[in-house]
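Everything below concerns the one structure shown next.
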Amino acid sequence: MNLLLNSDWQFGELFTRFSSIFSWEIGEGSSLVFTKLDFWLFFLLVMAVFSFLNKHILTRSIFLTVISLFFFYKTSGLYMILLIISVAFNYFLGKKIYTAEKSINKKWIIAISAIFNLLILGYFKYAYFFTDSFNQMFHTNHELVNHFAQFGNGFFGDGTFVEKILLPVGVSFFTFQNISYVVDIYRKEIKPVNNFFHYSFFVTFFPQLVMGPIVRARDFIPQITKPFSLNKQEFSWSIIQIVKGLVKKIVIADFLVVHFIDKILFTETFTFDTYPGFVFVIVMWAYSIHIYADFSGYTDIAIGLSRLMGFELKPNFNSPYKAISVADFWRRWHISLGSWLRDYLYIPLGGNRTGTLGSYIAIFIIFVFLIFITQWYDLLWVYLGVTVAYLIGWATIKNFKRYVHRDLNLIITMVVGGLWHGASENFVIWGAMNGCALLIFKYWKRINEYLTSKSALWYMSKGFIAYGIYCILLVNFPWLDHIAIHYVYYVWMASGALMLIIHLITQKAQSFGFFKNVYVRFWQIFVTFNFITFTRIWFKLDEARKGPFKEKGLEDAAADLLPGKLLDRIWNNFEFSMEYFWKFWDLFYVPIIIMIAGFIVHWLPNKLKKLGEDAYTWLPIPVQAICIGIIVFLMYQAIGTEQPPFVYLQF
């Protein structure tokens, strides 16, 4: 009897939970994310219905559109209406641009599409940012009015829409998908979708709606009309992706940010005096593996869920911390955004061939924008100096104009990429630093190829030459002296000496080539990873202006100073000692071990990882189920009372 009553109680609780999930009550923005039980109950019921509809192509498109809109409603409320309008308007523009005969008409439609989509993105994502910056710069007190909410409340009734402008979940992703669809039709790369529900399904597909990856119409739309297909190996592979993503998010990303990163970075006083500088270097290393595990974990789950429903999404990451240069990193990190910016911004501006009027307009806007948001008026002198150097180079150096256009286009693209992540000067600085690093890499690559071709000893002499220049600079700039630079030099030369010793012992040219490649690759990865981690100081500390930190009285102006304070602490109070390190280890050894394990797994050869996945897919289904059950049980032991949302949910 007790067992029966207990079963009835469990069934009643499950029924209540399903009723809550599928009610019209609007949840929080993170109520149906992949780490919540509610999402998996939602997905199971969706798959149960989908299994009966997957053979009827139009019916399944309608069903998945409705489900995806409901999913969006549960996370963003009546902003679902905005998504519907956006989908309908871009579907209409796609039809019009395909049937337009005159080139000028097609260009007008492209302009309308860009303005409409960027207006949505700009209004909801940047309105407060620009208003606050304007008020600070001109000492005014303008208040932002949510005209959409006023119109909606007038139509649906008072209180229907919140007066404050809230960022609809996934707006950065679905606006970019809409733009690419219309542009691809203009370029005659695809034809418009004949059925509205096929297009609405493409834009609103719920596994990737809120955090990507950004899906291209030419990759996804042809799959919509194909029959459903899923064999045993594909099913097993999908489960692997889902579980892998959950492990990344829960075991690595969430554990590190709750028990290590935020504990050290975000204190009650918003200072960095509690720990010596070297601790913050370790924390930022942990943040790099955290943000990768968080975002790629989401992508893995989205790819796995999509494949279970018969659709393929392209990979969004390719072991980014194996990158040997900044350019290589951006070919491996957030691939869908990088390729979108390349195809729809960088190349239209002229790419690496030439510049357009748009290049000059865009760079002028960026220069004005940087002064506007930072209020660093000394930047005017920097701009004047750059302009003078540009004019001199144009007059004296062959092909200089082409190089400058390429550089301008690259800087514009990376700054826009920074702004895409958020309305803050921190993201602008982050984007600009990555853009400058890409430029430096391009020129360094040319110099390096020339020097390398002259002498193989260049590999050994790089560190010696750089250290010599550094020592000369110390004579006039003693503040540049830092123990970490000396440590890096000693390791560089010691590793190079080890490579030569091994070569002398083996006396084989092949062994020298192998160890030379290992030596060079190690330092390339080391420098690239640490530069990327350095730029993420601005990325991470931007969180200080949000949520509980703002409630504790941290103003935006104070938040803007945090990256400088952290860098000052690292540089002037590095204070590394083994005694302090072991004390620090005793306090945080668990998250440090998880961080190290995360990096080790990340740096394993891709072939070895694929071999493990292939081996799993060939196991009998019962054995697979046991393996997954054990992993899920162990994984959920890491869940605490605090469950941070996905990082890119805010973008």
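The values are calculated or read from the model by the stated rules, or taken from the named source; none is laboratory data. Computed from a predicted model, the values in this text were never measured in an experiment. Virtual Cβ from ideal backbone geometry, glycine too; neighbours counted across all protein chains shown. What goes into the accessible areas is simple: the full protein's heavy atoms, side chains included, and nothing from ligands, DNA or RNA. Shrake-Rupley method; radii C 1.70, N 1.55, O 1.52, S 1.80 Å.
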Quiz item: Residue-wise, which Karplus ³J(HN,Hα) couplings in Hz belong to the range 411-425, taking 6.51 cos²θ - 1.76 cosθ + 1.60, θ = phi - 60°, and x for glycine or proline?
Solution: 4, 4, 4, 6, 5, 4, x, x, 5, 4, 6, x, 8, 7, 5
Quiz item: What full-extension length gain, to one decimal in nm, is calculated for residue 637 and residue 576 as 0.36 nm per residue of separation minus the Cα-Cα distance?
Solution: 18.6 nm
Quiz item: How much accessible surface area, in Å² rounded to 10, belongs to the heavy atoms of residue 493 with a 1.4 Å probe?
Solution: 50 Å²
Quiz item: Rounded to the nearest 20 Debye, what is the dipole magnitude of the range 235-362 about its Cα centre when Lys and Arg each give +1 and Asp and Glu each give -1 at the C-beta?
Solution: 520 debye
Practice problem: Return the ratio Rg/(2.2 N^0.38 Å) for the range 262-340, where Rg is computed over Cα atoms only. | Solution: 1.46
Practice problem: Quote the FRET efficiency, to the nearest 0.05, computed for residue 444 versus residue 386 with a Förster distance R0 of 22 Å and r equal to the Cβ-Cβ distance. | Solution: 0.65
Quiz prompt | Among 323, 306, 337 - extreme Cα towards positive end, dipole of the range 231-345, charges at beta-carbon | solution = 306
Quiz item: Hey, could you pull the Cα Rg and Dmax for the range 231-364, both in Å?
Solution: 19.6, 57
Practice problem: Once you've got the Cα coordinates, tell me which of 74/314; 74/96; 125/314; 244/583; 244/610 are over 23 Å apart. | Solution: 74/314; 74/96; 125/314; 244/583
Self-check item: Computed accessible area, residue 436, all protein chains, 1.4 angstrom probe, square angstrom
Solution: 70 Å²
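Stick to the Cα atoms of the range 288-334, pair each with every other, and give me the Kirkwood hydrodynamic radius in Å at one decimal. Let's see the in-between values first.
Values: mean 1/r = 0.0877 Å⁻¹.
Mean inverse Cα-Cα distance, inverted, gives 11.4 Å.
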Quiz item: Got a sec? What order do 642, 543, 189 fall in by accessible area at 1.4 Å, biggest, i.e. largest, first?
Solution: 642, 189, 543
Quiz item: Measuring from label point to label point, each 7 Å out along Cα→Cβ, what is the residue 526 to residue 344 span in nm?
Solution: 4.1 nm
Quiz item: With each pseudo-label sitting 7 Å past Cα toward Cβ, what's the residue 196-residue 231 distance in nm, one decimal?
Solution: 4.0 nm
Practice problem: Would you kindly find the accessible area of residue 284, with a 1.4 Å probe and non-protein molecules such as ligands, DNA and RNA excluded, rounding to the nearest 10 Å²? | Solution: 10 Å²
Practice problem: Using +1 at the Cβ of each Lys and Arg and -1 at the Cβ of each Asp and Glu in the range 550-639, identify which of 585, 615, 604 lies farthest towards the dipole's positive end. | Solution: 615
Quiz prompt | Ellipsoid semi-axes in whole angstrom, largest first, where each is sqrt(5λ) of the Cα gyration tensor of the range 186-284 | solution = 44, 20, 11
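Taking the Cα centre of the range 309-365 as origin and charging only Cβ (+1 Lys, Arg; -1 Asp, Glu), how large is the dipole, in debye to the nearest 20?
On the way: 6 positive and 3 negative charges, 26 e Å.
With Lys and Arg at +1 and Asp and Glu at -1, about 120 debye.
If each residue of separation counts as 0.36 nm, what is the full-extension length gain between residue 318 and residue 141 once their alpha-carbon separation is subtracted?
Details: separation 177, 0.36 × 177 = 63.72 nm, distance 4.68 nm.
Using 0.36 nm per residue and subtracting the Cα-Cα distance, I get 59.0 nm.
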Practice problem: Show 242, 104 ordered by accessible area, largest first, where the area counts protein heavy atoms only and the probe is 1.4 Å. | Solution: 104, 242
Exercise. Specify the inter-centroid distance of the range 314-350 and the range 60-134, based on alpha-carbon positions, in whole Å.
Key: 24 Å
Quiz item: For the pair residue 14 and residue 48, how long in nm is the line joining their label points, each one 7 Å along Cα→Cβ?
Solution: 0.8 nm
